[in-house]
Amino acid sequence: MKKLHYAAMIACMTLTGASAFAQPLTGASDQDVMTVLKDSFAPVGEVSLDRLEQSPEQKACSDMAATGQAIPKDVMEKLLKQAMASVKPPTDKQFLGDWKVGEKIAQSGVGLQFSDKPGVVSGGNCYACHQMTKSEIAFGNIGPSLLHYGKNRGNSVQMLEYTWNKIYNSHAYTACSNMPRFGSAGILTEQQIKDVMALLFDPASPVNNE
Amino acid sequence: MLRQLKKKLPGAIAFLLIASATGSGSASAQSIDSTQEGIDDYRQMLSDGGNPGDLLVDTGKELWLEKKGPKNVSLQACDLGLGPGVVKGAYARMPRFFKDADKVMDAETRIMYCMQTLQGINPKDITPTVFSKSGDISTDWEAIVAYVANESAGIAMAAPQSHAAEKAAYERGQKIFFHRSGPYDFSCATCHGAVDKRIRLQNLPDLLNAKDAQQAYTTWPGYRVSQGVVRTMQWRLQDCFRQQRLPKLKFASQASIDLLTFLAVRAKEGKMAAPGIKR
């Protein structure tokens, strides 16, 4: 009988690989969750377990979403300020690159997944969440439509700066935005952001001329 | 021989569907609706008696009854929570706490536990091959899970929340659902926390909404048309995390069990309809 119980214990441990936990597991603190997460994922190439760790901003946004409460004003202001401080303007003060390259970046969803080739150039995957042109009908709707973006808004310095900042770190204007921080998180290069900017603003781009 | 034939058939049907679903791509907003309608029509057609996943259910039953492993026994005596040998209705009542293992287990973790304890199979030997590759034929694993889920068809989801470990699994699962991390700051909620959202043309269930959660949960395992294979819940979670730019979710890991507990409880009262049909 004793022997059987021992065998079952060993079986359980090897099955889940979760020998780090005393079962039954009844804790649900934030620390318990982190321990569980670290034990439950395997690194693949450059995609390491560090990615499960949260920055203070990610933690604040997660907690707020989980409780369903509005973000307190002081926290909100701090998040906006921190995000804005992380934005780097274009080094040569030129906001606009090549819209044709920008369109390719907007279409591409590769990069930073464990299934991607290490070192592959990341896309922006804009169409996953935004309508941008009339011709691309396979667009998502998590973000607002950007059709006729430049045509409707013009290309004043203020508008160019706002858009640059928004792409670089969307949290600068909307705390806990769903949109990735393409510049601050190092997803797109400065040149890539310029190309996406051109896609949004160039009168010849399909965003504006379709 | 028969099994091989059954497994290959779905692939051929998938090819036909992809051809018909993607063939209607004229450049207008109308196409979004017509593509979705096409998929819905096809789903309806298949549910009238041709879901390729149904064929796999029969294969899964054969495999369930087949003597296997070092101990050369079948899975017939497996206790899925309703007593040894009871498969009917069991999937709808998992994840749940299992006294013998002293932990909460989802259906797939439990089936693997039975393979280990009854048949003497080392999970390490088969875990790397449980999921089929895209375009390949479904694996024995996928067939077995499809069979077990199908034995709950029409039965309302009722994952228990009475044991302290079940409650804790739900709570951790909820926190994991909202856990934003990685270079893209994504959590499950980024895509599955609001109504009527899409990624490209793919509709996203709002898993915080009871109706969406029920529809989504009860149709897994599902026949994935674009990949020509039946996919399971453990696969679904792993592939979501991949797109979240996070590392690889381990099969039968505690986080997977916690998240599935959260989702199963959200899907409470939804009637099981697996294997479903997915895009």
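Just so it is clear, none of the values below were taken in a lab; they were calculated from the coordinates. Since the model is a prediction, treat every value here as computed from it, not as a measurement. We place every Cβ from the backbone using ideal geometry, glycine too, and count neighbours over all the protein chains shown.
Per DSSP H run of n ≥ 4, the term is -39500 (n - 2.57); total these for the protein assembly as shown, divide by its residue number, and report the mean residue ellipticity at 222 nm rounded to 500 deg cm²/dmol.
-14000 deg cm²/dmol
Near the amide H of A:Gly140, under 5 Å away, which other amide H atoms are found, from residues 5 or more places off or on another chain, if H is placed in the peptide plane?
Here the answer is A:Ala128, A:Cys129, A:His130, B:Arg200, since their amide H atoms fall under 5 Å of that of A:Gly140.
Taking each residue in A:23-35, count the Cβ atoms of any other chain within 10 Å of its Cβ, then average. What number comes out?
6
Given the pairs A:Lys194/B:Lys197; B:Lys61/B:Lys124; A:Lys93/A:Lys134, which span a C-alpha to C-alpha distance of over 26 angstrom in this model?
A:Lys194/B:Lys197; A:Lys93/A:Lys134
Using a 10 Å cut-off around each Cβ of peptide A:49-57, what is the average number of partner chain Cβ atoms that fall inside?
The shielding value for this peptide is 4.
Can you list the residues, at least 5 places off or on another chain, whose amide H is less than 5 Å from the amide H of B:Lys197, using H built in the peptide plane?
Result for B:Lys197 returns B:Leu204.
Over region A:106-210, consider all pairs of different Cα atoms and compute the Kirkwood hydrodynamic radius from their mean reciprocal separation; express it in Å, one decimal. Before the final figure, lay out each step's value.
Numbers: mean 1/r = 0.0703 Å⁻¹.
Taking the inverse mean of 1/r over all distinct Cα pairs, region A:106-210 comes out at 14.2 Å.
Given labels modelled 7 Å from the Cα in the Cβ direction, how far is it in nm from A:Ala22 to A:Val110?
Placing both labels 7 Å along Cα→Cβ, they lie 4.9 nm apart.
Taking every pair of alpha-carbon atoms in chain A, give the share separated by more than 23 Å as a whole percent. List each step's numbers first, then the result.
Details: 12768 of 21945 pairs.
Beyond 23 Å sits 58 percent of the P(r) for chain A.
Could you tally the net charge around B:Gly120, taking each other residue with its Cβ under 12 Å from the Cβ of B:Gly120, Lys/Arg +1 and Asp/Glu -1?
For residues surrounding B:Gly120, the net value is +2.
Based on the Kirkwood radius over alpha-carbon pairs, what is the Stokes-Einstein translational diffusion coefficient of region A:22-61 at 37 °C with 0.692 mPa s viscosity, in µm²/s?
The estimated diffusion coefficient comes to 283 µm²/s.
Can you give me the angle between helix A:56-67 and the longest principal axis of chain A, using Cα atoms only, in degrees from 0 to 90, rounded to the nearest 10?
80
What nm value, rounded to one decimal, do you get for the distance between A:Ala204 and A:Glu190 when each label is placed 7 Å out toward the C-beta?
It is 2.5 nm.
Given a cut-off of 30 Å, name the pairs among A:Lys38/A:Lys73; B:Lys88/B:Lys250; B:Lys67/B:Lys278; A:Lys59/A:Lys104; A:Lys166/B:Lys250 whose C-alpha atoms lie farther apart than that in the structure shown.
Listed pairs above 30 Å: A:Lys38/A:Lys73; B:Lys67/B:Lys278; A:Lys59/A:Lys104; A:Lys166/B:Lys250.
Could you please rank B:Thr129, B:Thr261, B:Thr109, placing first whichever residue has the fewest other Cβ atoms within 10 Å of its Cβ?
B:Thr129, B:Thr109, B:Thr261
Using modelled backbone amide H atoms (1.01 Å from N, in-plane), which distant-in-sequence or interchain residues come within less than 5 Å of B:Arg224's amide H?
B:Val229, B:Val230, B:Arg231, B:Lys278
In the neighborhood of B:Pro183, defined by Cβ-to-Cβ distances under 9 Å, what is the net charge if each Lys or Arg adds +1 and each Asp or Glu adds -1? Present the calculation step by step, with values, prior to reporting the outcome.
Details: positive: A:Arg51, A:Arg181, B:Arg245; negative: B:Asp185.
Spelling it out: positives minus negatives among the neighbours equals +2.
Semi-axes of the equivalent ellipsoid for region B:174-257, please: Cα gyration tensor eigenvalues, times 5, square-rooted, ordered largest first, whole Å.
19, 17, 14
Starting from the exponent 0.38 and prefactor 2.2 Å, build the expected Rg for the protein assembly as shown from its residue count and divide its actual Cα Rg by it.
Compactness ratio reported: 1.04.
If the reach is capped at under 12 angstrom between alpha carbons, list the aspartates and glutamates near B:Lys268, excluding any in the same chain fewer than eight residues apart.
B:Asp212
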